[in-house]
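Structure provided below as structure tokens; questions to follow.
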Amino acid sequence: MMSDLHSGIEALANWISQAKHLVVFTGAGISTESGLPDFRGPDGLWTRRDKGLPPPKFDWSSAEPNQSHMAIVELQKMGKLAFLISQNIDNLHLASGINPELLAELHGNLTKLKCRKCGFKCDYSPDFDKCPLCGGELRTSVVNFGDPMPRDEVEKSEWHSRRSDLFIVAGSSLVVYPAADMPRIALQSGAKLVIINQGETPLDQVCHLRFEEGVGDVLVPVVARLHEMLGS
């Protein structure tokens, strides 16, 4: 269901206030305000490729969390966020203050190393090549094309998706699988599905609320309205 921005913000804030198990699912579109490109947006990596243009220039190391990341942190502080699923590898959710226990990074994290043997994770360092727990090889945790996604992250994501009563997609075109299965699982389990994305998605016709605006244009006023509703 498409909605004008004001009424959509009011509806979403009301749904969040009533939600018992809110799950947020983020894609590259949430990080564009941090100077990082998305993939299928107006100036995205794949959009430019399809037009025969070179990829946009960007610097991963200089990116910082933006107002959209911080809006999700506010939901966490208010006790409204049950779980956060992200397709992003930019570390901006952790940098913003999200509790790692509430986060699944389905495609890994540029700043983390992972043991191929026992799954131990640590911050990247050129001095680390062996796992301190089992002696296994430490490699980047980023999932490359063709590689399987980390099973533990997928299982946690599926578990929370099945239990969600409100599932918000923020900045994803929902075309990369199996990550994009999560909102389908939530929808099939009875959750309200909200999509915030500049560009169409395969679930536009079945979601309960659809925003074409940027993620920050929606989440920031929604959280502000939620504070008003809850008197916090």
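Is there a pair in K77/K117; K20/K121; K77/K130; K20/K114; K112/K156; K80/K156 whose C-alpha atoms are over 25 Å apart, and which pairs would that be?
Numbers: K77/K117 35 Å; K20/K121 31 Å; K77/K130 36 Å; K20/K114 33 Å; K112/K156 19 Å; K80/K156 18 Å.
The pairs that break the limit, which is 25 Å between Cα atoms, are K77/K117; K20/K121; K77/K130; K20/K114.
Ranked by Cβ crowding within 10 angstrom, fewest neighbours first, how are T32, T111 ordered? Let's see the in-between values first.
On the way: T32 22, T111 18.
Least crowded to most crowded, the residues run T111, T32.
Please compute the modelled spin-label separation between K77 and F120, points set 7 Å along Cα→Cβ, answer in nm with one decimal.
Output for this residue pair reads 3.5 nm.
Where is the GNM fluctuation largest for the chain (alpha-carbon springs, 10 angstrom cutoff): V176, V143, V73?
Among V176, V143, V73, the largest mean-square fluctuation in the Gaussian network model of the chain belongs to V176.
Right, here's the next one. Report, in whole Å, the centroid distance computed from the Cα atoms of the range 76-104 and the range 9-32.
After rounding, the separation between the Cα centres reads 13 Å.
To the nearest 10 degrees, how steeply does helix 151-163 sit against the main Cα axis of the chain, on a 0 to 90 scale?
The two axes meet at around 10 degrees.
Under 10 Å, Cα contacts only: if you run a Gaussian network model on the chain, which one of S96, S62, S157 comes out with the highest mean-square fluctuation?
S62
Given the options G214, G27, G190, state which has the largest fluctuation in a GNM of the chain using a 10 Å cut-off (strictly under) for Cα springs.
Residue with maximal mean-square fluctuation among G214, G27, G190: G190.
Out of C115, V142, H69, whose Cα points farthest toward the positive end of the dipole of the range 55-151 (charges: +1 Lys, Arg; -1 Asp, Glu; placed on Cβ)?
C115
How do E105, E158 rank when sorted from fewest to most other Cβ atoms within 10 Å of their own Cβ? Present the calculation step by step, with values, prior to reporting the outcome.
Details: E105 27, E158 17.
Lowest to highest Cβ neighbour count: E158, E105.
Values quoted throughout were computed directly from the atomic coordinates according to the rules given, and no laboratory measurement underlies them. Model, not experiment: these values are computed from the prediction. Counting neighbours? That spans all protein chains shown, and the Cβs are built from the backbone with ideal geometry, glycine included.
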